[in-house]
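Everything below concerns the one structure shown next.
The values are calculated or read from the model by the stated rules, or taken from the named source; none is laboratory data. As the structure is a computational prediction, the values presented were derived from the model and not from experiment. Neighbour counts run over all protein chains shown; Cβ positions are idealised from the backbone, glycine included. All accessible areas refer to the heavy atoms of the entire protein, side chains included, with ligands and DNA or RNA removed. Shrake-Rupley method; radii C 1.70, N 1.55, O 1.52, S 1.80 Å.
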Amino acid sequence: MISAIRSMLMRGVSLSSRFRKREDGSAAVEFAIVSLPFFGLMFAVIELSIFFFASRFLEDSTFDIGRRALTQSLNPASSCTDFRTQLTNRVSGWFDPSQLVVSVKVLNSFGSAGTPVDFNNPSCSFGTTGQILLIETTYPYPFTAFRLYSGTPGSGVAFPLRAATALRVE
């Protein structure tokens, strides 16, 4: 009986010593430890690059539609509503147009306070010769990475994505 217990104990010692000396699964364990932060970082880099592409797209759209307004490429009868419509149509591929905030001000000089353009007024204008047209667009851009971090898919952080351009009326 004692020899049976002794042999069982010896086997236990030999099993535990075999596990201590083996390194076959160490790479898998190290990968499991490092993979979560690595993939989180990769996801954040991709999300940030998409944010920069969206920011550039909003800036280009704001500038292009502003140039159309100044070169009178828009419909003269309804230039203000046409301006807003063309801008929302252009950005609808990246953004929800209902959340896009557009502000247009006509300034007499760069240091002066501007008067906002009322898009609902049918006789609105984008200024006269020598005045400055300041166009600002803002969009609450939702970051998916922060939604995942908060734990609920509906909540998250929406960072304001802004674009502005100032053009002198010729």
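For the reader, a short list of remarks on this structure follows.
- Rounded to whole Hz, the Karplus (6.51, -1.76, 1.60) HN-Hα couplings of region 85-98, x for glycine and proline: 5, 5, 5, 5, 5, 5, 8, 5, x, 9, 10, 7, x, 5
- Distance between the modelled labels on Gln72 and Phe38, one decimal in nanometres: 6.2 nm (7 Å Cα→Cβ projection).
- Label reach from Phe159 (point 7 Å along Cα→C-beta): in region 50-65, amide nitrogens under 16 Å belong to 50-59.
- Fully extending the segment from Glu136 to Phe53, taken as 0.36 nm per residue of separation minus the present Cα-Cα distance, adds 28.1 nm.
- To the nearest 10, the accessible area of Arg90 is 80 Å² with a 1.4 Å probe.
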